[in-house]
2 protein chains.
Amino acid sequence: MLYIGLDVGGMSVKAGVVDGDGNILIKSSCPTGVERGHEATIRDMAALALRIVKESGRAMDEIASVGVGIPGVEDPSTGLVPFCNNLHWHDVPLSGMLSGLLGKPVYVDNDATVAGLAESVAGVSKGYNSSVFITLGTGVGGGIVLNRRAFTGAHGVGSEIGHMVIVAGGEPCNCGHRGCWEKYASATAIIRMGGELLAKNPGCALSMAVAGDPSRVTAKLVLDLAKEGDPGCAEVFREYVYYLCVGLASLVNILDPEVFVLGGGVSYAGEFLLNAVREELPKHIFYTSMPYARVELATLGNDAGVIGAAMLGRRA
Amino acid sequence: MLYIGLDVGGMSVKAGVVDGDGNILIKSSCPTGVERGHEATIRDMAALALRIVKESGRAMDEIASVGVGIPGVEDPSTGLVPFCNNLHWHDVPLSGMLSGLLGKPVYVDNDATVAGLAESVAGVSKGYNSSVFITLGTGVGGGIVLNRRAFTGAHGVGSEIGHMVIVAGGEPCNCGHRGCWEKYASATAIIRMGGELLAKNPGCALSMAVAGDPSRVTAKLVLDLAKEGDPGCAEVFREYVYYLCVGLASLVNILDPEVFVLGGGVSYAGEFLLNAVREELPKHIFYTSMPYARVELATLGNDAGVIGAAMLGRRA
């Protein structure tokens with residue numbers, strides 16, 4: 001059987017026809033057009049799905065199910081998406097509408113959750129029963145896979161690992177609470193720490209690179225300068241990796257997965273990040289004499305959303 | 001079928017013959033005798049198991065399996081218990097030895113994990129698919145139940161929720177790290193906070209109750225005074241409940257269980273604790289418009305260890 005995967009972002013909807021091994025047979029995209037409201041977007045999603053199935057030369061009869069990754073969650077008790085910040089959605093009956101338009105079972109889950117599932121079907125965590133995928137981007141998202149299936153808990157509100165508190169009373173977070181992991185382990189955190197470096201150290205390499213303008217600091221710039229050995233940015237990076245590993249160790253103590261998969265913008269720092277995390281994490285581990293999760297980099301990049309969404313309906 | 005449950009503590013080994021619904025048919029105990037070494041203890045455990053089966057009037061043929069709860073974990077990759085602080089055990093082949101002596105399959109897991117399983121089979125979380133049991137004692141232990149089975153992760157090092165870090169760089173913990181949840185949410189944390197109150201406020205009610213001697217502060221005393229409305233102890237209690245809920249909310253964001261079960265010494269504060277936690281927890285929740293875990297008090301008390309250990313081998 002084949003599966004349709006839809007990856008809904010604020011700017012575009014990506015779609016793909018995917019086989020049971022997570023291979024994309026065909027993919028395409030359309031603008032999300034958020035300003036038109038959710039009904040128009042969902043109709044376009046259905047039209048896009050039908051079009052790519054046709055273009056792939058396959059029939060809808062061959063499609064077992066449709067999966068959708070969204071920047072939010074669906075409430076399984078109501079079947080509604082209570083809200084999606086980027087999409088301005090409130091109480092949207094996404095799966096019901098899409099199922100009506102396509103005549104297929106529709107599964108909806110968080111975009112980080114589906115990306116984690118994708119890596120476990122066709123990416124770096126393939127072959128493992130359990131993994132935790134961590135997107136290190138504007139925020140920190142999580143995709144927990146247990147027994148080879150996406151895990152989001154009893155009410156669909158689990159897997160939000162970026163809002164695990166690692167500094168009670170710490171940095172204020174957009175979620176309204178304080179000290180969430182994403183305030184210390186996201187790309188945004190690197191930018192904040194870079195800005196603090198700039199303020200303390202007006203003559204530093206980072207300051208020169210942005211001509212003293214803190215609004216021009218990017219995570220990539222800080223990471224590149226750290227890689228080149230600039231002491232200030234290296235210290236920011238060291239602090240970043242420390243907080244990243246505080247959270248990873250807590251996840252070992254709770255979930256004890258076989259593997260952590262690092263994805264998102266910060267993960268493009270590649271081996272530089274991976275080696276630092278692999279060196280730091282053991283310093284935070286509780287049962288030092290026993291095996292614990294290995295750490296890897298995500299491999300599927302932008303295709304993870306489509307592949308993982310498609311795999312939501314696969315019965316492994 | 002019937003099951004034998006063994007609950008190994010530093011002072012005594014408790015044993016019970018348990019039916020498939022978690023009812024204890026007969027129970028007994030013997031001294032652990034830690035100083036004699038692990039072989040003598042394990043031989044006594046086997047003898048105790050055989051004795052209670054005989055005294056129950058049942059035959060060993062009716063026993064499906066034997067479960068053991070220990071203050072530590074078994075490494076599933078080696079079948080050894082790497083260490084148990086209270087028992088002075090190092091690399092002990094517990095399940096192998098006991099299985100040899102009793103001729104039955106033997107399952108070993110952490111004492112908090114089996115207590116959580118017991119509550120989900122025969123206690124307050126019965127009927128739920130997922131729960132997190134939290135022992136609020138000298139430390140903070142955790143028993144995660146997913147799909148009605150004890151969950152300890154891929155390498156057996158999960159479910160150690162007391163060592164989730166909630167204050168990076170915070171209070172030093174016995175585990176060698178800093179800021180672990182158990183440094184803020186255990187009975188020991190209440191004693192520490194009570195001692196701090198005493199030092200700041202020599203004329204307070206707590207100080208009078210212990211005649212100014214910080215070594216006489218107990219968690220029960222602080223909680224009792226808080227219940228009576230003493231402002232200083234009420235503030236300690238408020239702070240304690242805050243940190244307890246910081247950790248519970250993180251567990252919602254990760255595991256999203258159906259129910260939290262509070263056990264251990266602090267939970268004997270009963271409704272006073274339960275009501276405070278139920279009032280505080282919503283202030284820390286991420287998806288406020290969606291359902292999340294309810295909070296309950298454990299009901300099985302000291303029997304939880306024997307029942308849960310017995311249930312490790314039950315195929316639900």
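Read-outs throughout are calculated quantities, based only on the coordinates presented, and are distinct from any laboratory measurement. Only a predicted model underlies this, so the values are computations on that prediction, with no experimental measurement involved. With ideal geometry, Cβ positions are generated from the backbone for all residues, glycine too; neighbour counts draw on all protein chains shown.
Any chance you could give the angle, 0 to 90 degrees and rounded to 10, that helix A:38-55 forms with the longest Cα principal axis of chain A?
In chain A, helix A:38-55 runs at an angle near 70 degrees to the longest axis.
On a 0 to 90 degree scale, rounded to 10, what angle separates helix A:111-122 from the longest Cα axis of chain A?
Once rounded, the angle reads 80 degrees.
Please compute the volume of the convex hull spanned by the alpha-carbon atoms of region B:1-156 and report it per residue in Å³. Don't skip to the answer; put the middle values down first.
Values: hull volume 16.7 nm³, N = 156.
Expressed per residue, the convex hull around the Cα atoms of region B:1-156 is 107 Å³.
Among A:CYS173, A:TYR184, A:PRO231, whose Cα sits farthest toward the positive end of the charge dipole of region A:131-298 (+1 at Cβ of Lys/Arg, -1 at Cβ of Asp/Glu, about the Cα centre)?
A:CYS173
At 25 °C and 0.890 mPa s, what whole-number value in µm²/s does Stokes-Einstein give for the translational diffusion of region A:131-298, with Rh from the Kirkwood sum over Cα pairs? Display every interim value, and only then the final one.
On the way: Rh = 16.4 Å.
Estimated diffusion coefficient is 149 µm²/s.
Write down, largest first, the equivalent ellipsoid semi-axes of region A:201-245 in whole Å, where each equals the square root of 5 times an eigenvalue of the alpha-carbon gyration tensor. Intermediate results must be reported in sequence, preceding the final value.
Values: eigenvalues 68, 23, 16 Å².
Whole-Å semi-axes of the equivalent ellipsoid: 18, 11, 9.
If Lys and Arg each add +1 and Asp and Glu each add -1, what is the summed charge of the other residues whose beta carbon sits under 12 Å from the beta carbon of A:GLY313? It would help to have the intermediate numbers written out before the result.
Numbers: positive: A:LYS104, A:ARG149, A:ARG314, A:ARG315; negative: A:ASP109.
The answer is +3.
Which entries in A:LYS183/A:LYS227; B:LYS200/B:LYS283; B:LYS54/B:LYS104; A:LYS14/A:LYS126 show an alpha-carbon gap greater than 19 Å? Mind dumping the intermediate values first?
Numbers: A:LYS183/A:LYS227 22 Å; B:LYS200/B:LYS283 29 Å; B:LYS54/B:LYS104 16 Å; A:LYS14/A:LYS126 23 Å.
With Cα atoms farther than 19 Å apart: A:LYS183/A:LYS227; B:LYS200/B:LYS283; A:LYS14/A:LYS126.
What average count of beta carbons from other chains do you get within 10 Å of the Cβ of residues in A:291-299?
Working: counts 8, 5, 5, 0, 0, 0, 0, 0, 0.
That average works out to 2.
Decide, for region A:65-128, between rounded, prolate and oblate: order the square roots of the alpha carbon gyration tensor eigenvalues as a ≥ b ≥ c, take rounded if a/c falls under 1.5, and otherwise choose prolate if a/b is larger than b/c, else oblate.
Since a/c reaches 1.5 but b/c is at least a/b, the shape of region A:65-128 is classed as oblate.
Other chains near B:265-278: what is the mean number of their Cβ atoms within 10 Å of each residue's Cβ?
0
With +1 assigned to the C-beta of every Lys and Arg and -1 to the C-beta of every Asp and Glu, and no other charges, what is the dipole magnitude of the protein assembly as shown about the Cα centre in debye, to the nearest 20? Please list the in-between numbers first.
Details: 48 positive and 64 negative charges, 103 e Å.
The calculation lands at about 500 debye.
To the nearest 10 degrees, how steep is helix A:271-280 against the longest Cα principal axis of chain A, on a 0 to 90 scale?
70 degrees
Sorted from shortest, what are the nm distances separating the label point of B:GLY270 from equivalent points in the other copies, each placed 7 Å from Cα along Cα to C-beta?
Inter-copy label distances (nm, one decimal, shortest first): 6.5.
Give the whole-number value, in cubic angstrom per residue, of the convex hull volume spanned by the C-alpha atoms of region B:29-68. Let's see the in-between values first.
Numbers: hull volume 2.8 nm³, N = 40.
Normalising the Cα hull of region B:29-68 by residue number yields 69 Å³.
As a test of the definition: which semi-axes, in Å, follow for region A:27-104 when you take the square root of five times each eigenvalue of its alpha carbon gyration tensor? Largest first, please. If you can, show how the numbers build up before the last one.
Details: eigenvalues 105, 45, 18 Å².
In descending order, the three semi-axes are 23, 15, 10 Å.
In region B:238-316, if every C-alpha pair distance is counted and binned at 10 Å from zero, what percent goes to each bin?
Calculated P(r), rounded to whole percents: 17, 43, 29, 11, 0.
Please give the per residue volume of the convex hull enclosing the alpha carbon atoms of region B:138-191, rounded to a whole number of Å³. The partial results should precede the final answer.
Values: hull volume 4.9 nm³, N = 54.
Value for region B:138-191: 91 Å³ per residue.
Once the label point is set 7 Å along the Cα-to-beta-carbon vector, what list of distances in nm do you get between A:ARG51 and its counterparts in the other copies?
Between copies, matching label points for A:ARG51 lie 7.9 nm apart.
Sorted from shortest, what are the nm distances separating the label point of A:GLY96 from equivalent points in the other copies, each placed 7 Å from Cα along Cα to C-beta?
For A:GLY96, the other copies' label points sit at 5.9 nm, shortest first.
Peptide A:280-286: average number of partner chain Cβ atoms within 10 Å per residue?
Numbers: counts 0, 0, 0, 2, 6, 5, 10.
For peptide A:280-286, the averaged partner shielding equals 3.
Please report the net charge: other residues with Cβ closer than 12 Å to the Cβ of A:GLY20, K and R +1, D and E -1.
Working: positive: A:ARG314, A:ARG315; negative: A:ASP19, A:ASP21, A:GLU62.
It works out to a net charge of -1.
Please state, as a whole number in µm²/s, the translational diffusion coefficient that the Stokes-Einstein equation yields for chain B at 25 °C and 0.890 mPa s, with Rh defined as the Kirkwood radius across alpha carbon pairs. Don't jump to the answer; show the numbers that get you there.
Working: Rh = 20.3 Å.
Rounded, D is 121 µm²/s.
When the gyration tensor of the protein assembly as shown is built from Cα positions, what are the square roots of 5 times its three eigenvalues, in whole Å, from largest to smallest? Please report the intermediate quantities before stating the final value.
Working: eigenvalues 374, 207, 110 Å².
Semi-axis lengths for the protein assembly as shown are 43, 32, 23 Å.
Based only on Cα atoms, what mean projected area does the convex hull of region B:101-196 have, in nm²? Could the numbers behind the result be given before it?
On the way: hull surface 33.8 nm².
Computed as one quarter of the Cα hull surface, the answer is 8.5 nm².
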